[in-house]
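These notes concern the structure reproduced below.
The values are calculated or read from the model by the stated rules, or taken from the named source; none is laboratory data. Just so you know, these numbers come straight off a predicted model, no measurement behind them. As a convention, Cβ positions derive from the backbone with ideal geometry for all residues, glycine included, and neighbour counts pool all protein chains shown. To get the accessible areas, we keep the full protein, side chains included, count just its heavy atoms, and leave off ligands, DNA and RNA. Shrake-Rupley method; radii C 1.70, N 1.55, O 1.52, S 1.80 Å.
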Amino acid sequence: MAYKGIIFDLDGTLLNSLVDIAEAVNLVLEKHHYPQWTFEDYKKMIGTGLKNLVKKALPNNLSDNEFLQIFREINTEYSRRQTNHSYPYDGILPMLKHFENKGVLMAILSNKPHHFTQTIVRHFFGDIRFEKVFGLRDNKPRKPNPETTLEIIQDFRLSPKEVVFIGDSATDIQTAKNAHLSSIGVLWGYRSQEELEYAGADYLAITPAEIEAIV
């Protein structure tokens, strides 16, 4: 089937942002004399929002005030370095241009905080037309809750069967299921093929060119 709309996850799907996220968190952990984590550790932490990532990275005996202070410091560090080492995966920009030229409607939905999502998409994908670019907003639930996904579909003026959700994690696949969308799991991101298969991805893609063939 030819889909008329695509909703993309951001981190691990369009953009490799692992190093910038890991360095920002580890710098603050080091400052406070807490254990730091490896890149492989962070691959498992990314995907459910920055606040949840920080909760996983910190000891669980901190007070609310201590946690909020460290969370603010990590936000500050990430804002300074969010484009330092991040980059679109190979083949992503040609794929996005292909869909743009075909008139396929595109949007981004991330659990990254909304202001970071907006900034980083403008930086790396500023010449690509996205109908909507949403990160995690204060008044909206995070993925896999389908509320924002359904908002995007409504803005597309398409039915769910005409839209596909593309991401690299079980969270993205479950988001698609909750919104009654087909899903494509990408194998170049932070999570494993086994996770995507277990979550029930309708398709798996090894390269962005394979997404073009599916859509």
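Odds and ends about this structure:
- Subset of segment 177-215 [of a type in the set (Gly, Ala, Ser) and in contact (Cβ under 8 Å) with a residue 60 or more places away in the chain]: SER182, GLY189, ALA209
- Here ILE173 clears all of (1) in a strand (DSSP E or B); (2) in contact with a helix residue (DSSP H, G or I) (Cβ under 7 Å, 6 or more places away or on another chain) except the condition numbered (1).
- Residue list for segment 152-170, filter: in a helix (DSSP H, G or I) and open to solvent by 20 Å² or more (accessible area, probe 1.4 Å): GLN154, ASP155, PRO160, LYS161, GLU162, ALA170
Rundown of residues vs (1) in contact with a Ser or Thr (Cβ under 8 Å, 6 or more places away or on another chain); (2) open to solvent by less than 30 Å² (accessible area, probe 1.4 Å); (3) assigned to a helix (DSSP H, G or I), yes/no style:
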site: PHE116; (1), (2), (3): yes, yes, yes
site: PHE124; (1), (2), (3): yes, no, yes
site: VAL133; (1), (2), (3): yes, yes, no
site: ASP138; (1), (2), (3): no, no, no
site: ARG142; (1), (2), (3): yes, no, no
site: LEU150; (1), (2), (3): no, no, yes
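- Residues in segment 121-151 that are of a type outside the set (D, E, K, R) and either touching a Cys at 6+ places or on another chain (Cβ under 7 Å) or farther than 21 Å from ASN101 by Cβ (or both): HIS123, PHE134, GLY135, LEU136, ASN139, PRO141, PRO144, ASN145, PRO146, THR148, THR149, LEU150.
Here is a yes/no grid of residues against (1) touching a Leu at 6+ places or on another chain (Cβ under 9 Å); (2) basic (Lys, Arg); (3) under 20 Å from LEU96 (Cβ atoms):
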{"position": "PRO160", "(1), (2), (3)": "yes, no, no"}
{"position": "VAL164", "(1), (2), (3)": "yes, no, yes"}
{"position": "GLY185", "(1), (2), (3)": "yes, no, yes"}
{"position": "ARG191", "(1), (2), (3)": "no, yes, no"}
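- Among the residues making up segment 82-114, those that are within 20 Å of LEU136 (Cα to Cα) and open to solvent by less than 40 Å² (accessible area, probe 1.4 Å) are GLN82, SER86, MET106, ALA107, ILE108, LEU109, SER110, ASN111, LYS112, PRO113.
- Condition broken by LEU196, with the remaining ones in (1) aliphatic (A, V, I, L, M); (2) outside any loop (DSSP other than H, G, I, E, B); (3) under 17 Å from ILE6 (Cα atoms); (4) at pLDDT 95 or above satisfied: (3)
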